[in-house]
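See below for the structure under consideration.
The values are calculated or read from the model by the stated rules, or taken from the named source; none is laboratory data. As the structure is a prediction and not an experimental result, all values here were calculated from the model. No Cβ is skipped: glycine too gets one built from the backbone with ideal geometry, and neighbour counts run over all protein chains shown. Remember, those area values only see protein heavy atoms, side chains included, never the ligands or the DNA or RNA. Shrake-Rupley method; radii C 1.70, N 1.55, O 1.52, S 1.80 Å.
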Amino acid sequence: MSIVTTIGLMSNILPWGFYGHKKINRQAVFSLPPSLFPFYKEHLNYITEHAVDPDKRRYIVSTEGPCHFIDLDQYENPFDSIPHSWNKAIAKFTEDSLRKHGIVPWHIYLTKLNLQKAFEEKNIEKIIKYSADIGHYIGDAHVPLHTTHNYNGQFTNQKGIHGLWESRLVELYSEDYNYFVGKASYISNMQNEIWKVLKESHVALDSVFKFEAQITAKNEFPKYSFEQRGATTVRVYSREFSLEYHRRLNKMVERRLTSSIRMTASVWFTAWVDAGQPDLSAILNHKPSKDFIKEMEALEKKHTQHQHMGRDCD
Ligand SMILES: [Zn+2]
């Protein structure tokens, strides 16, 4: 008996899909200047594989969920009214309310400060952990559907659009993307940069929803089809539907993915510069401690257990 599951129709539990997040972190390493490249190259595997840890933590750590999104449409004039400073934002909206609508911009900033501190301490484990984490959150901030309450089209009869945009299209077309994003550059105002990214994501939402609705209404071809994944049959957005959506978006997904790569490299570089440009050659050829590896294995184990409980598609 074959099991039918659905790819590209799930909610926002797999932002960028695991593939997209890993691609962002991996490619970012190759945009680094010589002062950082050897260190990151040494930990390329860790930084790539652990790009998805923040999503794994969502099932285990109750405070993790809000770190991945911000429902900007829950605010009036969000770009004028929301303070960039966490303390000012709390004073204006209360922490509960901020967390309810998502805190990705402040969490990216906090992770940057943590990464900077790790560089100051030359703490290998923290550097690679926060580097992997921040690439994930930057990737999330680039996804238009991470900036709306209607993140999966659930209020507009477009349920599944989240996976269509960030998983199905990436699955079908990411091999054709141009990953040459240039070198990392110093970001002089980190908070402004984060909010600039969120604004770009948010203004793109209109097209994200509109094109899906137009293609659905046209009804030229079946919206869904079934494909084999090993022994499993999965329901997916059909290739014709996906191609039409891809065409109308006119490289939007590629632009957001490659912008994530560029910004991730630039944030790593900026954290290192702000830490006083420590010489990383002194911490080359060191393996992470046994405790650190154990901690990572424990996360993996808990995540696997959770998947086996079948809660990945809730
Ligand atoms: Zn995420």
* Counting pairs of alpha carbon atoms under 8 Å apart in space and at least six apart in sequence, what relative contact order in percent does the chain give? -> 31 percent
* Arranged from highest to lowest average of other beta-carbon atoms within 10 Å per residue, in what order do the peptides 265-272, 36-43 appear? -> 265-272, 36-43
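Which of the peptides 281-293, 48-60, 197-209 is most tightly packed, and how do the rest follow, going by the mean number of other Cβ atoms within 10 Å of each residue?
In descending order of packing, they fall as 48-60, 197-209, 281-293.
Could you tell me what percent of the DSSP beta bridges with both partners in the chain are antiparallel, to the nearest 5?
So the antiparallel bridges amount to about 65 percent of the total.
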* To do: Heavy atoms only, probe 1.4 Å: what % of the accessible area of the chain goes to carbon and sulfur, would you let me know?
  => 52 percent
* To do: Might you tell me the accessible area per residue for the chain, computed with a 1.4 Å probe and given in Å²?
  => 47 Å²
* Points 7 angstrom from Cα along the Cβ direction at Asp176 and His286: gap in nanometres? -> 4.6 nm
* To do: Work out how much length Ala217 to Arg255 would gain on full extension: take 0.36 nm times their residue separation and subtract the Cα-Cα distance, in nm to one decimal.
  => 11.0 nm
* To do: Name the aspartates and glutamates eligible as straight-distance cross-link partners of Lys199: C-alpha to C-alpha under 19 Å, and not fewer than 8 places from it in the same chain.
  => Asp71, Asp73, Glu76, Asp80, Asp140, Glu166, Glu254
* To do: Return the subset of Lys129/Lys196; Lys196/Lys223; Lys122/Lys301; Lys56/Lys210 for which the Cα-Cα distance in this structure is over 27 Å, preserving the input order.
  => Lys196/Lys223; Lys122/Lys301; Lys56/Lys210
